[in-house]
Amino acid sequence: MTSTSTTRPERGLPPLHLAVALDGAGWHPAAWRAEGARPGELFTAGYWADLVTEAERGLLDLVTVEDALAVQSVSLRGPDERTDQVRGRLDAVLIAGRVAPLTSRIGLVPTTNVTHTEPRHLSAALATLDRAAPGRAGWRPQISARADDAAHFGRPAPATLQETDLGSPETISGRLAPLFDDAAEVLATVRRLWNGREHALPVTVLAHARIPYELAAKGGDVVFITPHSPDDVAAILTEVATAATAVARPAERPLKVFADLLVLLDDKPGEAARQKARLDDLDGAPLASDAEVFAGAPAELADLLLAWGTVDTAGLRLDGFRLRPARLPHDLLAITRSLVPELQRRGAFRTAYQAHTLHGHLALPDPAALRR
């Protein structure tokens, strides 16, 4: 992993940031049936330790860990009866706390529910993670619109989503606007609690439409977006900038923007696409995702990342990418051992960590300075 440059010299751009999103056996519903998968270890600490330490070997900025109050389901209404897909997760905050002493540089960003969890509980759990991984902890707050989640807490069901809503992020966010309003209050409350204890964790938000873009601009440090083309990149960057203006985000706290991609990678030409087709057949349906699905060689993915990374909208560009490995550990290893060296050869990714904190990796303003 060597390079003679630390910038993208052809455009004079800074190096890309890279994150990976970890979820179970991978983001393909049939990932547990892929070659090299470790389904029997999904609920062990060692499995997660292996994944996160591998991500750190690849010099990635951060890992996010998925979580939810209810088990995974293909239904919007509640649990399904499928037994051919992974169901259940370990607590993401506890995973991050467990791997914290095994790592020293990579950012650890668990997902937590903010619709049914008290801010003081979130603040305490995440502040504890900040103690276990000083300066490297982050947070991805997530709302819940599921009726079965609400029932666990004796609360009325929120606005019900319909299957027909799934093709329209604006419709979804409009229906769920009260939940996003509540999330904004939770973020503000948790930040106040952190300030009182001198904690400042980077907050990341996955967003697909105006209302969640405004949530990210109001309370986040990083927003994960889901474009499907360079034109989408340009359009969403404009929307994010508009959201930042709408909530009067301070200029000294620019919002970092990462694009999400779900990836299947293989060096052998055509093999990633063949493996995707095989897993699709096993699952009984083509892979569907809110993010663009890429199946190809690491060098081809590098081409795409650099092409999307040069899209310029009134001086705004992507800061980086969050990659969702379809198969674990296969696609994570392809990222760390093939994609990263390829980007390094092109001068587009770091060859060593330059900071010890997540704020430092992402070049975010010093939180202590912002409090003064």
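The values are calculated or read from the model by the stated rules, or taken from the named source; none is laboratory data. No experiment lies behind these values; they were computed from the predicted model shown. Because the Cβ atoms are built from the backbone with ideal geometry, glycine has one as well, and the counts that use them run over all protein chains shown.
If we keep just the residues of segment 211-235 that are surrounded by fewer than 24 Cβ atoms within 10 Å (Cβ to Cβ) and in contact with a Gly (Cβ under 9 Å, 6 or more places away or on another chain), which is farthest from G315 (Cα to Cα)?
Among those that are surrounded by fewer than 24 Cβ atoms within 10 Å (Cβ to Cβ) and in contact with a Gly (Cβ under 9 Å, 6 or more places away or on another chain), it is I211.
In this structure, is L22 under 28 Å from A273 (Cβ atoms), in contact with a Leu (Cβ under 7 Å, 6 or more places away or on another chain) and modelled with pLDDT of 95 or more?
Details: under 28 Å from A273 (Cβ atoms): yes; in contact with a Leu (Cβ under 7 Å, 6 or more places away or on another chain): yes; modelled with pLDDT of 95 or more: yes.
The answer is yes for L22.
Looking at (1) outside any helix (DSSP H, G or I); (2) touching a strand residue (DSSP E or B) at 6+ places or on another chain (Cβ under 6 Å); (3) over 30 Å from T336 (Cβ atoms), can you tell me which one A251 breaks?
(2)
Quick one: which residue in D130, D91, D80 is over 27 Å from R191 (Cα atoms), of a type in the set (D, E) and either within 19 Å of the chain's Cα centre (by Cα) or surrounded by fewer than 19 Cβ atoms within 10 Å (Cβ to Cβ) (or both)? Break it down into steps so the answer makes sense when it comes.
On the way: D130 fails: over 27 Å from R191 (Cα atoms); D91 fails: over 27 Å from R191 (Cα atoms).
Answer to the selection: D80.
In segment 313-334, what count of residues is obtained for those that are in contact (Cβ under 8 Å) with a residue 60 or more places away in the chain and over 12 Å from A259 (Cα atoms)? If you could, list the steps in order and put the result at the bottom.
We begin by selecting, within segment 313-334, every residue in contact (Cβ under 8 Å) with a residue 60 or more places away in the chain; these are 313-314, 316-334.
With over 12 Å from A259 (Cα atoms) added as a condition, the list becomes 313-314, 316, 325-334.
Summing the residues that are in contact (Cβ under 8 Å) with a residue 60 or more places away in the chain and over 12 Å from A259 (Cα atoms) in segment 313-334 gives 13.
Do you know which of the residues in segment 287-334 that are assigned to a helix (DSSP H, G or I) and among the charged types (D, E, K, R) is nearest to the chain's Cα centre (by Cα)? Outline the logic, then answer.
The initial filter retains those residues of segment 287-334 that are assigned to a helix (DSSP H, G or I), namely 298-309, 330-334.
Applying the additional criterion that residues be among the charged types (D, E, K, R) yields 300, 303, 331.
Numbers: E300: 22, D303: 21, D331: 16 Å.
In this case the residue turns out to be D331.
Could you tell me which residue of segment 254-264 is farthest from S338 (Cα to Cα), considering only residues that are of a type in the set (A, V, I, L, M) and out of contact with any Phe, Trp or Tyr (no Cβ under 8 Å at 6 or more places or on another chain)? Full working, then the answer.
Start the filter on segment 254-264 by keeping residues that are of a type in the set (A, V, I, L, M), which leaves 255, 257, 259, 261-264.
Now restrict to residues that are out of contact with any Phe, Trp or Tyr (no Cβ under 8 Å at 6 or more places or on another chain): 255, 257.
Details: L255: 29, V257: 24 Å.
Filtering segment 254-264 for residues that are of a type in the set (A, V, I, L, M) and out of contact with any Phe, Trp or Tyr (no Cβ under 8 Å at 6 or more places or on another chain), the one farthest from S338 (Cα to Cα) comes out as L255.
Kindly provide the set of residues from segment 87-122 that are under 13 Å from E66 (Cα atoms) and of a type in the set (A, V, I, L, M, F, W, C), ordered by number.
Correct list: L90, A92, V93, L94, I95, A96, L108, V109.
Here are some residues: L318, L358. Which one is crowded, with 19+ Cβ neighbours inside 10 Å and either modelled with pLDDT under 95 or touching a helix residue (DSSP H, G or I) at 6+ places or on another chain (Cβ under 7 Å) (or both)?
Working: L358 fails: either modelled with pLDDT under 95 or touching a helix residue (DSSP H, G or I) at 6+ places or on another chain (Cβ under 7 Å) (or both).
Of L318, L358, the one residue that is crowded, with 19+ Cβ neighbours inside 10 Å and either modelled with pLDDT under 95 or touching a helix residue (DSSP H, G or I) at 6+ places or on another chain (Cβ under 7 Å) (or both) is L318.
Does K256 satisfy the condition of being at pLDDT 95 or above and farther than 27 Å from V74 by Cβ?
Values: at pLDDT 95 or above: yes; farther than 27 Å from V74 by Cβ: yes.
In short, yes.
Testing P227 on (1) part of a loop (DSSP other than H, G, I, E, B); (2) under 19 Å from A183 (Cα atoms); (3) within 16 Å of the chain's Cα centre (by Cα), one condition comes back false. Which one is that?
If we test P227 against (1) part of a loop (DSSP other than H, G, I, E, B); (2) under 19 Å from A183 (Cα atoms); (3) within 16 Å of the chain's Cα centre (by Cα), just (2) comes out false.
Mind listing whichever residues of segment 230-269 are of a type in the set (S, T, Y) and touching a residue at least 40 places away in the same chain (Cβ under 8 Å)? Let's see the steps before the verdict.
Residues of segment 230-269 that are of a type in the set (S, T, Y), as a first pass: 238, 242, 245.
Result: T238, single match.
Can you go through V63, V86, V74 and tell me which one is among the β-branched types (V, I, T), crowded, with 18+ Cβ neighbours inside 10 Å and more than 20 Å from D260 (Cα to Cα)?
On the way: V63 fails: more than 20 Å from D260 (Cα to Cα); V74 fails: crowded, with 18+ Cβ neighbours inside 10 Å.
Only one candidate passes the filter, namely V86.
For segment 28-72, which positions are touching a helix residue (DSSP H, G or I) at 6+ places or on another chain (Cβ under 9 Å) and at pLDDT below 95?
Across segment 28-72, the qualifying residues are A68, L69, A70.
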